[in-house]
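Data block below; observations after.
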Amino acid sequence: MRLRKKYRDVQPWLDYFEMLQTYEKCGYLQTEPEKNEAYVTQPALYTLAGVDFSTRELGYDINMPYILKSVMYAVRRIRAYVGWQSQKGEVILSHPFAINVVTPDERHDLLFTILITSRRKWWKLWRWHDSIEVISYR
């Protein structure tokens, strides 16, 4: 029988949250925990996701499967960061959360919104899953 560790190593999460705080100080990320949403610039989101792209090839669309999967991991981490920052993690994780992706220039035009909601799937009613919807404005 394999025993679990009594304490888990949370240092990688703290390092990631420190990096997100740096993004916030530089103006690439803006969090609003009271509204359950965050604003992030498109290049910052793709950098957090580890996606290598060219704007001519990609444009403003994230519907390519290999990009969408990487972006979703980054979006979930941003949601966890907002919960950690507000000290209301359970509330943030259980309610719908929106990440608004904006252009990097000063006007910050809205490109698309990624909406995360927790739902139960009919084949596993005892477990909650994240349902992610991308709303494009272009």
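Throughout, read-outs are computed from the coordinates displayed, never taken from laboratory work. Note that this is a predicted model, so its numbers are computed, not measured. For neighbour counting, all protein chains shown are included, and Cβ atoms are generated from backbone atoms with ideal geometry for every residue, glycine included.
Along each principal axis of its Cα atoms, how long is the range 27-131 end to end? Whole angstroms, biggest number first, please.
44, 31, 20
Aspartates and glutamates within cross-link reach of Lys25: Cα-Cα under 13 Å, excluding same-chain residues under 8 positions apart?
Lys25 reaches no qualifying aspartates and glutamates.
Can you check what the net charge comes to around Val82, using other residues whose Cβ is under 12 Å from the Cβ of Val82 (Lys, Arg +1; Asp, Glu -1)? Don't skip to the end; give the middle numbers.
Details: positive: Lys35, Arg76, Arg77, Arg79, Lys88; negative: Glu24, Glu32, Glu34, Glu37.
Spelling it out: positives minus negatives among the neighbours equals +1.
About the Cα centre of the range 27-131, how large is the charge dipole given +1 on each Lys and Arg Cβ and -1 on each Asp and Glu Cβ? Please answer in debye to the nearest 20.
740 debye
From the helices alone, meaning DSSP H stretches of at least four residues, give me the mean residue ellipticity at 222 nm for the chain, per-run term -39500 (n - 2.57), in deg cm²/dmol to the nearest 500.
It lands at -12500 deg cm²/dmol.
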